[in-house]
Amino acid sequence: MSYKFIYIFIFASFITTLVINYYFSFPSLWMLLLIPSVAIIFLSPTWKTTIIVGILGIILITVSEFLFYQGKMLYEDEVSLIMTGILEWIIFMIISFFQIKTAKLIIKLGNFALTDPLTGIYNRRYLELYMEKIIPLSQEQEQAMTLIMFDIDHFKKINDTYGHHAGDIVLKKIVRVIKGVIRDSDVFVRMGGEEFIILLPNCSLEHGIKFAERIRTTVENTKFIYKGIRIFVTISIGVTEYTEGQDLKKFLDKADQALYKAKETGRNKVVGLNNSIAFQN
């Protein structure tokens, strides 16, 4: 639905409510004010908006009645107006409550679809959507783009030795530590299991390798404690730079080759791959 249409609808229903209440002296007709009020909450489903709209509605009714009838309302009409205002407020608050709750649920479901439930970072689906936009943009602006792929060394052994709960703690702490190192513009993704990706926009392979080494040493120097026992955790990292014409699969495959080289040659190291040439750090 077009927002322009909603704005027009709010304005038209608001004016209509004022006109009707000017020509017909029935206090209950102010219930029509619920129509534009609820439409506003549809646009901005927050408690702040609800309270502001509710207060403005009360002020509008009070001022309008005073201007329309110059304070000459009968006692019965005043009581009816007060009762209408209370009822309208209650209905408005109930509708707002469910609208706000629904909006929060929609946002939450959207986040679940694009984020990893354990670590809270992005998942593969988000990476796919992001790359659809960033690849043409990088080519147009002729900006370098580097991809870091890493996984946790001997993660299965950690799970087997200390249990899956310990493994989850390690995963979450690694994410927390690395989030403190990467830039706001970098895209941090959990691909599944112990495998992660960091996409570095506007970053060359040379700088990407140096940055990956910083990440590796940060993880290596981090203390992972589980039930009073320190778990020594290291990561192996593969780094590659985007080449024009690649799709996401080829880009990931090249990073995976670099990661495999890092694991094959001893783990806990960084290997960069530029086309078919590997660089170890």
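The values are calculated or read from the model by the stated rules, or taken from the named source; none is laboratory data. Since this is a predicted model, take the numbers as computed values, not measurements. Note that we place each Cβ from the backbone using ideal geometry, even for glycine, and neighbour counts take in every protein chain shown. SASA here: full protein model, heavy atoms, side chains in, ligands and nucleic acids out. Shrake-Rupley method; radii C 1.70, N 1.55, O 1.52, S 1.80 Å.
Given H placed 1.01 Å from N in the peptide plane, which residues other than close sequence neighbours of Asn274 have an amide H under 5 Å from its amide H?
Amide H neighbours of Asn274, under 5 Å, 5+ apart: Phe279.
Under the rule that an exposed site lies in a DSSP loop and has at most 15 other Cβ atoms within 10 Å, name the longest stretch of the chain with no trypsin sites (Lys or Arg not before Pro) of that kind, not counting the sites themselves.
Working: sites that count: Lys72, Arg183, Lys223, Lys227, Arg267.
That would be 73-182.
Which of Tyr242, Tyr162, Tyr122 moves the most in a Gaussian network model of the chain with Cα springs under 10 Å?
Tyr162
Take the alpha carbon atoms of the range 16-46, find their center, do the same for the range 206-281, and report the distance between the two centers in whole angstrom.
What the calculation gives is 61 Å, centre to centre.
Report the normalised scattering of the range 44-188 as log10 I(q)/I(0) at q = 0.11, 0.15, 0.17 Å⁻¹, calculated by the Debye formula with identical scatterers on the alpha carbons.
Values, matching the q order: -0.71, -0.95, -1.08.
In what order, largest first, do Asp168, Asp151 sit by accessible area if the probe radius is 1.4 Å? Walk me through the numbers on the way to the answer.
On the way: Asp168 60, Asp151 10 Å².
Ranked list, largest accessible area first: Asp168, Asp151.
Which pairs in the list Lys157/Lys210; Lys156/Lys263; Lys156/Lys249; Lys104/Lys133; Lys172/Lys227 are over 23 Å apart, alpha-carbon to alpha-carbon?
Working: Lys157/Lys210 29 Å; Lys156/Lys263 15 Å; Lys156/Lys249 26 Å; Lys104/Lys133 27 Å; Lys172/Lys227 16 Å.
Exceeds cut-off: Lys157/Lys210; Lys156/Lys249; Lys104/Lys133.
In terms of modelled amide H atoms, which long-range or inter-chain residues lie less than 5 Å from the amide H of Tyr226?
Amide H neighbours of Tyr226, under 5 Å, 5+ apart: Ile231.
What FRET efficiency do you get for Ile86 and Leu114 if R0 is 35 Å and r is their Cβ-Cβ distance, rounded to the nearest 0.05?
Numbers: r = 43 Å, r/R0 = 1.23.
Given R0 = 35 Å and the Cβ-Cβ separation, E is 0.25.
How would Phe97, Phe26, Phe92 line up by accessible area, probe 1.4 Å, largest first?
The residues order as Phe26, Phe97, Phe92, largest area first.
Using only Cα atoms, tell me the angle between helix 75-114 and the longest principal axis of the chain; keep it within 0 to 90° and round to the nearest 10.
Tilt relative to the chain: about 10 degrees.
If each DSSP helix of 4+ residues adds -39,500 (n - 2.57) and the sum is divided by the residues in the chain, what number results at 222 nm, nearest 500 deg cm²/dmol?
After summing the helix terms and dividing by the residues of the chain, the value is -20500 deg cm²/dmol.
Give the angle, between 0 and 90 degrees and rounded to the nearest 10, that separates the Cα long axis of helix 164-179 from the longest principal axis of the Cα atoms of the chain.
It is inclined by approximately 80 degrees.
Show me, bin by bin at 10 Å from 0, the whole-percent P(r) of the chain based on Cα pairs.
6, 22, 20, 12, 11, 12, 10, 6, 1, 0
Could you identify which residue out of Glu78, Glu132, Glu195 has the top mean-square fluctuation in a GNM of the chain using Cα springs shorter than 10 Å?
Among Glu78, Glu132, Glu195, the largest mean-square fluctuation in the Gaussian network model of the chain belongs to Glu78.
Suppose R0 equals 35 Å; then what is the FRET efficiency for Thr16 and Glu140 from their Cβ-Cβ distance, rounded to the nearest 0.05?
Once rounded, the FRET efficiency stands at 0.10.
Helix 3-23: angle to the longest alpha-carbon principal axis of the chain, degrees 0 to 90, nearest 10?
Once rounded, the angle reads 20 degrees.
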